[in-house]
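Peer 1: Structure in structure tokens, see below.
Just so it is clear, none of the values below were taken in a lab; they were calculated from the coordinates. Note that the structure is a prediction, hence the values are computed from the model and not measured. Glycine gets a Cβ as well: all are built from the backbone with ideal geometry, and neighbour counts include every protein chain shown.
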Amino acid sequence: MMRPKNWHKFSFGPWLEAALMRMQHNKLGAALANKLARIAWSVLSSGKDFDWKGQEIAAAV
């Protein structure tokens, strides 16, 4: 959250940039924490590895 210039290095970069235009910083932090918690829960409950590249492709379609 503190280094927006580095966001493009991570898979959430475009999502963070778009969300920043809509939300205040505190709300954006909570939304990011929620997104990460949902991903962690999904990975732990399914027992599969997280495939971020497959997630981006599926989200783009």
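Peer 1: Under a Cβ-Cβ cut-off of 13 Å, what is the net charge of the residues other than Ala19 that fall near it, where Lys and Arg count +1 and Asp and Glu count -1? Write out the running numbers ahead of the final one.
Peer 2: Details: positive: Arg22, Lys27, Lys35; negative: Glu17.
Residues near Ala19 contribute +2 overall.
Peer 1: Pop out the ³J(HN,Hα) list for the stretch 17-27 in order, Karplus 6.51 cos²θ - 1.76 cosθ + 1.60 with θ = phi - 60°, rounded to Hz; leave Gly and Pro as x.
Peer 2: In residue order, the calculated couplings are 4, 5, 5, 4, 5, 9, 10, 6, 4, 5, 5 Hz.
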